Amino acid sequence: MKYAPNTLLVALFWLRAAEALDNGIGLKPHMGWSSWNVAQCDAASARYALDTADRFISLGLKDLGYEYINIDDCWTTRSRDGSGKLVPDPSKWPDGIKAVADKIHDMGLKFGLYGCAGQQTCAGFPGSDGNKHAESDVSQLVEWGVDFWKYDNCYTPCLDNPPPQTCQRPAGNTQEWYAPMRDAILGAQDTRKIHFNLCNWGRDNVWEWGYDYGHSWRMSVDNWGDWESVERIGSAAAGISEYSGPGGFNDLDMLYLGSPKLNANQGRLHFGLWAIAKSPLVLGLDLATISDETLAVIRNKGIIAINQDELGKAATTFTPPGKPGPESGKIHPYWAGPLSDGVVIGLCAGISAGTYAVDFKDVPGLGEGSYAWEEMYTGDKGTGTGVSFDIDLHDMRVIKVTTATQAKREPAAL
Ligand code: GAL
């Protein structure tokens with residue numbers, strides 16, 4: 001609804017954009033890499049950041065749009081310095097942060113860091129502590145040339161005292177402790193435009209207000225790199241698709257392709273579903289040991305183009321006539337979403353292997369008539385009134401449908 005081509009809605013969109021964290025970035029889901037799933041604290045180092053940047057170039061990932069090298073938790077020392085400044089751990093950042101950010105910028109890439117609204121980060125490093133340090137922390141980010149700031153929700157105000165790492169009885173609303181950091185980032189935007197990624201694990205229905213606070217927001221607790229996580233997060237994304245759009249996207253969490261807990265079929269579905277749901281595509285794997293099979297998935301140009309389509313609208317589920325509707329917590333077989341030049345259909349064998357067929361007339365955004373289509377994993381192409389694929393358990397097909405010249409649309413209502 002947000003971006004429907006209707007004058008009133010377009011006007012509403014611009015009004016809304018004016019109050020958002022609107023610093024001209026985040027118009028497409030961001031693409032990159034994050035250290036956390038690779039080796040948690042051990043990967044929060046200059047060595048990992050620079051090595052990954054080199055591999056973005058040598059593996060052709062930069063050319064495909066992967067851009068951000070993001071360092072997650074554990075990059076600082078255990079306490080702030082005497083002036084309240086964050087101190088990069090010298091054993092992990094021997095030349096400091098700026099030297100690394102500069103090198104990464106010279107390679108045409110961007111560099112991100114991680115912080116936390118609470119007293120400590122989730123791994124026990126200094127947080128911005130009720131935002132006492134928001135402005136000072138942002139001034140350090142600006143000085144170092146940081147492009148991305150992930151902001152976590154551990155040790156935040158809680159009815160339990162002292163606040164535990166993960167509070168189950170929050171003393172307030174996440175918005176309260178994310179606003180000062182949003183304002184500090186906005187305040188600095190003339191010198192540096194920083195992507196603000198809210199990581200409150202989907203609390204307080206972040207998708208309803210995230211657009212006014214950040215450029216992307218985590219809508220769930222972590223992806224643990226197993227099929228259950230893909231089911232849990234992927235199925236939840238269907239119900240909140242309308243909240244994603246240029247300037248603010250549901251973040252389904254880092255991609256866990258290559259995890260030993262996911263087989264090849266599950267990896268394809270994971271990547272394909274995150275892509276059509278317009279999630280940021282952030283690799284959470286060690287590029288030094290990536291397999292050819294995983295590389296082929298993350299380098300799929302057609303799927304990346306669908307994710308990066310300028311319309312920025314997320315696909316959601318639909319149910320063709322006679323088929324069962326979505327089951328809670330399971331990956332529904334039928335997904336569709338609009339693209340600037342067509343429609344994407346996702347067919348997911350998340351519940352069972354089988355033949356999955358759709359008539360285009362039953363797909364939201366399509367109608368009667370013949371269309372050209374292309375499937376992005378197999379490379380199959382065709383023209384007709386529908387598609388049908390035999391899909392193995394937990395695998396996916398991602399089909400881009402464009403109007404064929406001979407397509408006969410339903411006559412528009414007068
Ligand atoms: C979690 C967050 C993860 C990772 C981790 C670091 O709260 O969801 O993505 O950042 O903290 O400790």
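The values are calculated or read from the model by the stated rules, or taken from the named source; none is laboratory data. All of these numbers come straight from a predicted model, not from anything done at the bench. Cβ placement follows ideal geometry from the backbone for every residue including glycine, while neighbour counts extend to all protein chains displayed. We work out accessible area using only protein heavy atoms, side chains counted, and drop any ligands, DNA or RNA first. Shrake-Rupley method; radii C 1.70, N 1.55, O 1.52, S 1.80 Å.
Worth pointing out:
- Percent accessible area from carbon and sulfur atoms, the chain, protein chains only, probe 1.4 Å: 51 percent
- Accessible area of Lys361 in the full protein assembly, 1.4 Å probe (Å², nearest 10): 100 Å²
- The helix-based estimate of mean residue ellipticity at 222 nm for the chain, built from -39,500 (n - 2.57) per DSSP H run of four or more residues and divided by its residue count, is -8000 deg cm²/dmol to the nearest 500.
- Highest-fluctuation residue, Ile351, Ile331, Ile304 considered, GNM on the chain with Cα pairs under 10 Å: Ile351
- Mean shadow area of region 268-336, taken as a quarter of the surface of its Cα convex hull (nm²): 5.9 nm²
- Region 11-307: equivalent-ellipsoid semi-axes (sqrt of 5 x gyration tensor eigenvalues, Cα, Å): 26, 23, 19
- In this Cβ point-charge picture (+1 for Lys and Arg, -1 for Asp and Glu), the chain has a dipole of about 320 debye about its Cα centre.
- Cα centroid separation - region 261-302 against region 309-384, whole Å: 20 Å
- Distance histogram in 10 Å bins (all Cα pairs of region 87-209, percent per bin): 13, 42, 32, 12, 1
- Largest accessible area first, the listed residues Ser328, Ser58, Ser220 line up as Ser328, Ser58, Ser220 when surface is computed with a 1.4 Å probe on the assembled protein chains.
- Between region 42-92 and region 173-246, the alpha-carbon center distance in angstrom: 21 Å
- Relative packing of 251-260, 122-131, which averages over residues the other C-beta atoms within 10 Å, highest first: 251-260, 122-131
- The mean sequence separation of alpha-carbon pairs under 8 Å and at least six residues apart, normalised by the residue count of the chain, gives a relative contact order of 13 percent.
- The value for region 316-402 of Rg(Cα) / (2.2 N^0.38 Å) is 1.01.
- Probe 1.4 Å, protein heavy atoms only - accessible area per residue of region 143-267 in square angstrom: 35 Å²
- Principal-axis tilt of helix 134-144 within the chain, Cα atoms, nearest 10 degrees: 80 degrees
- Residue pairs exceeding 26 angstrom between C-alpha atoms, taken from Lys110/Lys313; Lys150/Lys330; Lys301/Lys381; Lys98/Lys193: Lys150/Lys330.
- Accessible surface of Glu293, taken over heavy atoms with a 1.4 Å probe and every protein chain present, rounds to 120 Å².
- Its Cα gyration tensor gives region 84-133 an equivalent ellipsoid. The semi-axes, each the square root of 5 times an eigenvalue, are 24, 13, 9 Å from largest down.
- Degrees between helix 174-187 axis and first principal axis of the chain (Cα, 0 to 90, nearest 10): 80 degrees
- Isolated cysteines in the chain, defined as those with no second cysteine Cβ under 4.7 Å, comprise Cys116, Cys199, Cys348.
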